[in-house]
């Protein structure tokens, strides 16, 4: 991120949820190239951060249950894809791409202002979920993955598809659901 772009974000965006924001929302001036940055001032890496020390959600999609569920499916899909033999790498790649497409399209939809565009991205994410379900069916018929992984994946995908259908319908012009 450039220094000019970071000037538009409050300092609290870069702090873990447990840390308190400084009194000012101004971003400190960058350290000179010759001065070492103390370890305590560095931003923690997300991959190594413990579950209880997560960064506070700053984007609307991070608060959505469907987004969090889709992230769980991405992990499961990656595990299934990892078990595919070298000769089936095309199927593993397709599963990884389709699984990743679900949370990415949810995030894009949540970031849109137009109800119509929100609904469009949620429908795209739902189609990616359907594609993942079909890939899991192929994996089942070719005996490429453990049955419990396929069953768990399909259960997550059913839940994701139901939530995305509801979101798309809620944001479709003229259609109100209770």
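What follows is calculated from the coordinates using simple rules that are stated; it is not laboratory data. Since this is a predicted model, take the numbers as computed values, not measurements. Reconstructed Cβ throughout: ideal geometry from the backbone, glycine too, with neighbour counts over all protein chains shown.
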Under the 0.36 nm per residue contour assumption, what length would be gained going from the current alpha-carbon distance of residue 115 and residue 88 to full extension? 5.8 nm
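For segment 60-171, take the convex hull of the Cα atoms, compute a quarter of its surface area, and give me that in nm², please.
6.1 nm²
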Cα-Cα separations in segment 118-178 greater than 15 Å, expressed as whole percent: 54 percent
Counting other C-beta atoms within 10 Å, which of 118, 154, 63 has the fewest, and how do the rest follow? 63, 154, 118
Likely footprinting exposure, 56, 69, fewest C-beta neighbours within 10 Å first: 56, 69
If a paramagnetic tag sat 7 Å from the Cα of residue 154 along the Cα-Cβ line, which residues of segment 103-137 would have the backbone N under 17 Å from that point? 129-137
